[in-house]
């Protein structure tokens, strides 16, 4: 048994061990003593590969570089592999639109009905599927593979000392890992934390972990603005966003543990499981059906009515401008201060039902004809954002930061309310990330403008 598997991970040194932890410690000690008396260790030609691998993946020197490298490989495969399938899906789905338009025309449907269902609902669905499905179909199997071979507990082992320094529970690393799939699932997984105080901290900060609904936006922005300078730079930017979210998680956890939710931190025992031989078939099926299809179904179910609503807002006119344009104009001041614009902020607020629909809403709002654009790839996005609406690298950076740090989606907020049974904690979970996202993007914009970098 490796030293990692039999070590007790402590969250604070000065506090005495409680009864449960004392019993667990004694169990490990007696088990090791019995094993030493009952067995004879002989030299063997077959080394303990689990121990050798753990010497690297859980070491203080190589543990974190190994995590960053693995994360970078996952994102590199996702970015490189998703571009072509996305273009094929977009061409196919938007090709179907012509047949839908012809069908409604032959049926004598009024123009507003065609606009609502085809230019609003269907185009929103087509955009979500073509942009989201390829990255998820690659990212989730890779992430599930790391989970299947037993690597994620090693991540928790490495991160425990950082959460200990933040005054929170080491199991928060596990709940944070669950948040990569879905923040609502990450909130539910905080049930493994026994301390109510530390569980609340984990709940409130889980939104800083980028969920599957935000990864397509992060990947699209990095690919759009940085892929031309090299895929490695685009991958590094996405990895940097994930690390930024983790750093903010630690900072906000420390703040909460020393202010609103102060108290004595507790310990936990983490026994690392053995590495398992990966089962690609099961991994693919589980990741596609339990994660990719489930998330895509939720995105489609929410994107359909959201696309129709946004089309209505873009076509209902007050004076010489649409209602959507009036709302965006009202937010232009704060949007510019945050390095974005009013339409971007409006898209984030209208995207409250699901993070997946922020970009479709934004594109619809930008179009002069008040309809979702036929997305045929990153080049189309570049034309819309850069050439037609004046986006710069600072705009893209702030969109990524705001997407990473802003309030959680409606599903996550409902889950938080069910788990905490208190409106005030739900409000805190919404307003605190919004305040952090606002402060970060404002600071970044101010520094860049004062330095004259743009």
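Does region 257-289 hold any residues that are over 30 Å from residue 139 (Cα atoms), modelled with pLDDT of 80 or more and part of a loop (DSSP other than H, G, I, E, B), and which are they?
Scanning region 257-289 gives 258, 259, 260, 261, 262.
In the set 100, 24, 89, which member is within 21 Å of residue 133 (Cβ to Cβ), in a helix (DSSP H, G or I) and at pLDDT below 85?
89
Is it the case, given these coordinates, that residue 411 is modelled with pLDDT under 85 and farther than 27 Å from residue 94 by Cα?
Yes.
Could you tell me whether region 377-384 includes any residue that is modelled with pLDDT of 90 or more and surrounded by 18 or more Cβ atoms within 10 Å (Cβ to Cβ)?
No; the residues of region 377-384 include none that is modelled with pLDDT of 90 or more and surrounded by 18 or more Cβ atoms within 10 Å (Cβ to Cβ).
Condition first: surrounded by 15 or more Cβ atoms within 10 Å (Cβ to Cβ), modelled with pLDDT under 85, in a helix (DSSP H, G or I) and out of contact with any strand residue (DSSP E or B) (no Cβ under 9 Å at 6 or more places or on another chain). Can you find one or more residues in region 243-251 that meet it?
No, every residue in region 243-251 fails to be surrounded by 15 or more Cβ atoms within 10 Å (Cβ to Cβ), modelled with pLDDT under 85, in a helix (DSSP H, G or I) and out of contact with any strand residue (DSSP E or B) (no Cβ under 9 Å at 6 or more places or on another chain).
Name the pairs whose Cβ atoms lie under 6 Å apart, with the first residue in region 310-323 and on the phi > 0 side of the Ramachandran plot and free of Cβ contacts under 8 Å to residues at least 40 places away in the same chain, the second surrounded by 18 or more Cβ atoms within 10 Å (Cβ to Cβ) and outside any strand (DSSP E or B), and 6 or more positions between them or separate chains?
No pair meets every condition.
Could you grab the pairs with beta carbons closer than 8 Å, sequence gap of 6+ or different chains, first residue in region 88-116 and closer than 19 Å to residue 367 by Cβ, second one exposed (fewer than 12 other Cβ atoms within 10 Å of the Cβ)?
Cβ pairs passing all conditions: 114/105.
How many residues does region 313-329 contain that are surrounded by 15 or more Cβ atoms within 10 Å (Cβ to Cβ), over 17 Å from residue 345 (Cα atoms) and out of contact with any helix residue (DSSP H, G or I) (no Cβ under 7 Å at 6 or more places or on another chain)?
0
Exactly one condition in (1) within 20 Å of residue 415 (Cβ to Cβ); (2) at pLDDT 80 or above; (3) not in a helix (DSSP H, G or I) is not met by residue 109; state its number.
The number of the failed condition is (1).
Could you list all residues from region 399-427 that are under 16 Å from residue 252 (Cβ atoms), touching a residue at least 60 places away in the same chain (Cβ under 8 Å) and out of contact with any helix residue (DSSP H, G or I) (no Cβ under 6 Å at 6 or more places or on another chain)?
The one that is under 16 Å from residue 252 (Cβ atoms), touching a residue at least 60 places away in the same chain (Cβ under 8 Å) and out of contact with any helix residue (DSSP H, G or I) (no Cβ under 6 Å at 6 or more places or on another chain): 425.
Considering every residue within region 100-110, establish whether at least one is surrounded by fewer than 12 Cβ atoms within 10 Å (Cβ to Cβ) and on the phi > 0 side of the Ramachandran plot.
Scanning region 100-110, I find at least one residue that is surrounded by fewer than 12 Cβ atoms within 10 Å (Cβ to Cβ) and on the phi > 0 side of the Ramachandran plot, so the answer is yes.
In region 183-202, which residue that is surrounded by 23 or more Cβ atoms within 10 Å (Cβ to Cβ) and over 15 Å from residue 255 (Cβ atoms) is farthest from the chain's Cα centre (by Cα)?
This residue is 193.
Residues that are touching a residue at least 24 places away in the same chain (Cβ under 8 Å) and farther than 25 Å from residue 258 by Cα: list the helices (runs of 4 or more DSSP H) wholly contained in region 129-201 that include at least 2 such residues.
Because the criterion is at least 2 residues that are touching a residue at least 24 places away in the same chain (Cβ under 8 Å) and farther than 25 Å from residue 258 by Cα, the helices (runs of 4 or more DSSP H) in region 129-201 that meet it are 152-165.
Which condition from (1) within 18 Å of residue 208 (Cβ to Cβ); (2) touching a residue at least 60 places away in the same chain (Cβ under 8 Å); (3) in a helix (DSSP H, G or I) is the one that residue 223 breaks?
Only one criterion in (1) within 18 Å of residue 208 (Cβ to Cβ); (2) touching a residue at least 60 places away in the same chain (Cβ under 8 Å); (3) in a helix (DSSP H, G or I) is unmet by residue 223, namely (1).
The values are calculated or read from the model by the stated rules, or taken from the named source; none is laboratory data. Quick caveat: nothing in here was measured; it's all calculated off a predicted structure. When we count neighbours, we look across all protein chains shown, and the Cβ atoms used for this are built from the backbone with ideal geometry, even at glycine.
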